[in-house]
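One structure is given below, encoded as structure tokens.
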Amino acid sequence: VPLKRAAAWGLGLTLFTHLHGHWLYLRRLDTDHTLLVPSTRPDPPSPPALTARVRVVVLDGLRDDVGENLPELQALGGARRIMRSEWPSYTYPNLAAMTTGVPPLLSGVRLNSGRTRVPLDTISDVALRHGRRVAVSGDWDLFAARVAPGAALSPVGDLEWIHFGKIDDAGHAHGAASPEYAEAAARGGRLVARLAGEMDLSRETLIVLADHGHRDRGGHGGREPEVTGAYFLAVGAGVRHGVRLPEAPMRDLAPTLARLLGLPPPRDNRGAVMADLFADVPLPPVEDLPYATGRWGRLAVMSLILTLLGLAFRRQLRFRARDFVPWVVYGVVFFAGYFALGYPLGWSIPRGYLRFFVETGLLGIGAGALAVWVGRRVRAQPATVLLLWGGYLLLAAAAGRDMARLEAPALAWAVVLGATLLLYLGGALCVSALIQR
Ligand SMILES: [Zn+2]
């Protein structure tokens, strides 16, 4: 029976698409290599140090506006600004940017998979090379591997990294608008006050910052302003007091730490020293790596070609309006549930990828079954999975052949979500056709 053969092919294509989007594609986004040739040039002469010691406290996931209102942090004075998270606004890519001065596009660290060990020079490596001590502590045992990989650590450091993860946990579980998030942020504020109390801020410098923010409903990873607007405060020796400065990208932390400690920046650094922390100087314009928007144009052209082909062959294909009824039913039901569960059209997924997979899975199977039932009632052709697959191919092709270059962030998400949608709707249509008598 040709219909059953088509349905079996459709099911195979659907499973292949899922494998591509969720496994091959996501794995290639987070690469083991960098797009840079790691520099081996010798360090330039060191500038004079501005401070005897720097303590960097990473309050994971603290949004700028929430940190702004913490009384313990307000009491410290110092210099405030928004640190703009690099995209994708996950923890690992931003810790890599903070320590190497290299954004995710070039470092290859784009997700939290932890598979990658960046072969790039970090500010911790620089400090050790110049005879300084590096210390790492906090509530996350993988932190040292992210900020001082391979480094011989000391109990006390001239450069100290401290991690506090409770704010991010509360953000994922309850969202940034929740009392739980505010309470965790207050705990972070009290921790910072204690750490500052142990320091001699006339000789030493304290830097408090977040790697990213959170959506009101929780989640980070995307480009939303509340997600990329991370908290930053610098206080102590060498730093201006009581000023609010314009935002700076996360990659600027590494060269700024180097300047404070009187060290050369990490060898592959692409960031700029935050000179406005030290004196009232005019800022050079921030040079951000451009993301090619031309890929959307390519998607539009290919969609137009597909539409024209569909129209030209409409008699041969014998499409009727009712054939698209199951798609509409599926789309409306799926996305109503998707938004109700708090998911955005982007990378800022709350509550983790596993739960995303389970929840969208149940939703997709339910919506797919309903679409099949409605489709049978209106006698729609069930082989529309081939058209869906064509749509997915368009997305994947428009995202670019080397998808790891991340040139179209929204498109990169569309490929993953497209694979998810196709798995459930395509699967439901094909299974229904296979078991049809
Ligand atoms: Zn997180």
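Key figures for this structure:
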item: Prolate/oblate/rounded call for the range 72-122, Cα gyration tensor, a/c under 1.5 rounded; result: prolate
item: Sites matching trypsin sites (Lys or Arg not before Pro) across the range 143-220 that sit in DSSP coil, with at most 14 neighbouring C-beta atoms within 10 Å; result: 203
item: FRET efficiency estimate (nearest 0.05) - Cβ-Cβ, residue 200 to residue 4, R0 60 angstrom; result: 0.15
item: Theoretical gain in end-to-end length, residue 328 to residue 186 [0.36 nm per residue, Cα-Cα removed]; result: 46.5 nm
item: Beta bridges per DSSP with both ends in the chain, % antiparallel, nearest 5; result: 40
item: For residue 43, net neighbour charge (Lys/Arg +1, Asp/Glu -1) across residues whose Cβ lies under 9 Å away; result: +3
item: For the chain, the longest site-free run once GluC sites (Glu not before Pro) in DSSP loop states with at most 11 other Cβ atoms within 10 Å are removed; result: 1-197
item: Global form of the range 100-228, assessed from the alpha-carbon gyration tensor, a/c cut-off 1.5; result: oblate
item: Rounded tilt (10° steps) of 294-312 against the dominant C-alpha axis of the chain; result: 0
item: Descending semi-axes in Å of the chain, equivalent ellipsoid built from Cα gyration tensor; result: 49, 22, 18
item: Helix 325-340 axis, angle to the chain major axis (alpha carbon atoms, nearest 10°); result: 20
item: About the Cα centre, charge dipole magnitude for the chain (Lys/Arg +1, Asp/Glu -1 at Cβ), debye; result: 2360
item: Rounded tilt (10° steps) of 91-100 against the dominant C-alpha axis of the chain; result: 40
item: Shape call, the range 24-148: gyration tensor on alpha carbons, a/c limit 1.5; result: oblate
item: Residue 393-residue 216 pseudo-label distance in nm [points 7 Å out on the Cα-to-Cβ vector]; result: 4.2
item: Computed [θ] at 222 nm, deg cm²/dmol, the chain (DSSP H ≥ 4; -39,500 (n - 2.57); rounded to nearest 500); result: -14000 deg cm²/dmol
item: Förster radius 22 Å - calculated FRET efficiency between residue 145 and residue 173, Cβ distance, rounded to 0.05; result: 0.35
item: Test item: Cα-centred dipole of the range 1-105, Lys/Arg +1 and Asp/Glu -1 on Cβ, debye; result: 400
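Readers should treat all values here as calculations from the given coordinates under stated rules, not as data from a laboratory. Note that the structure is a prediction, hence the values are computed from the model and not measured. Note that we place each Cβ from the backbone using ideal geometry, even for glycine, and neighbour counts take in every protein chain shown.
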